[in-house]
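Student: Starting off with a structure, shown below.
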Amino acid sequence: MKNTPSMGPAPTRTSPPAHGEAEEPARSRLLERLAARAGEPVTVGALVEAVGGHQNTTRHHLRTLTSAGLVEPVPLPPAGGRGRPSTGWVLTERGRDTTARPDAAAEEYVALAAAFAERLAQRGGDPGEDARAIGRAWGAGLAARHPGGQAAGDEGGSTSDAVGAVARLTGLLDRLGFSPEREDTGGESTGPALLLRTCPLLDTARRHPEVVCQVHLGLATGALEELGADPEGLRLRPFDRPGACVLALPARLGV
């Protein structure tokens, strides 16, 4: 019997997956330290100072993680421009995926949104309007606090503003645990889409899509408004295809 992928996204991962050589505690600490340095090469000496251990043991762990494709060495210029170059270590793309997890905003989201989604669903009628309004206010607040965001009240509307707003929205959704992936349709009248590959509230969304999915639509709407882009025409198609919900952007935001 052929396996058919389920419609909609996968659940958001809340902790790094077990991944072969990364499961050893000392190696996990090394990966976490490299992840905290956000791509800046770290020497063996600095790693030992941060996480403990012996330099020879640390080098052994790094060689093992390199063989697993999780870290890689980077040559560093010698101090003062003289002497032998030293070596720093960084995560590979696979290593970044292994250590990735939603940030504090996502944890806050899961705790609060699940509770009020259940509450709204119990009220009966059509809770979608309230859910969108809540999401819209929340998305605006998150966008205002996002370091790359545009301050409220700034005027937008240019091509660069629109593209920047979409990029910041994509980053925000990624931090919240949606694993967004841009898809360009290529049509003049149809904008690009963000495929939401994971969902931090998947179980609740399946039970109450009329609440949770409307919160997500409101979140994207409020964030775009806060970032100076016009969200008119923004649409969310829940469980639209195997492996993703689809956030369809207006054509003018895809320039």
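The values are calculated or read from the model by the stated rules, or taken from the named source; none is laboratory data. The structure presented is a predicted model; accordingly, all values stated were derived computationally and were not measured. Virtual Cβ from ideal backbone geometry, glycine too; neighbours counted across all protein chains shown. Note: areas computed on protein heavy atoms with side chains; ligands, DNA, RNA excluded. Shrake-Rupley method; radii C 1.70, N 1.55, O 1.52, S 1.80 Å.
Results for (1) surrounded by 16 or more Cβ atoms within 10 Å (Cβ to Cβ); (2) over 18 Å from L112 (Cβ atoms); (3) touching a Lys or Arg at 6+ places or on another chain (Cβ under 6 Å); (4) small (G, A, S), shown as yes or no for each residue.
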site: R182; (1), (2), (3), (4): no, yes, no, no
site: G191; (1), (2), (3), (4): yes, yes, no, yes
site: L195; (1), (2), (3), (4): yes, yes, no, no
site: P200; (1), (2), (3), (4): yes, no, no, no
site: R206; (1), (2), (3), (4): no, yes, no, no
site: H216; (1), (2), (3), (4): yes, no, no, no
site: L219; (1), (2), (3), (4): yes, no, no, no
site: L224; (1), (2), (3), (4): yes, yes, no, no
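Student: Kindly establish whether E108 is open to solvent by 50 Å² or more (accessible area, probe 1.4 Å), of a type in the set (D, E), outside any loop (DSSP other than H, G, I, E, B) and modelled with pLDDT under 70.
Tutor: Yes: the conditions hold for E108.
Student: I need the full set of residues from the stretch 44-59 which are surrounded by fewer than 14 Cβ atoms within 10 Å (Cβ to Cβ) and closer than 12 Å to A26 by Cα, in order please.
Tutor: G52, H54, T57
Student: Go through the stretch 203-255 and report how many residues are of a type in the set (V, I, T), within 20 Å of the chain's Cα centre (by Cα) and not in a helix (DSSP H, G or I).
Tutor: 1
Student: Does the stretch 155-171 hold any residues that are of a type in the set (S, T, Y), at pLDDT below 75 and not in a loop (DSSP other than H, G, I, E, B), and which are they?
Tutor: T159, S160
Student: How about the stretch 209-250: which of its residues are within 19 Å of E181 (Cα to Cα) and in contact with a Cys (Cβ under 9 Å, 6 or more places away or on another chain)?
Tutor: Once the filter is applied, which keeps residues that are within 19 Å of E181 (Cα to Cα) and in contact with a Cys (Cβ under 9 Å, 6 or more places away or on another chain), the stretch 209-250 yields C213, H216, L236, R237, P238, F239, C245.
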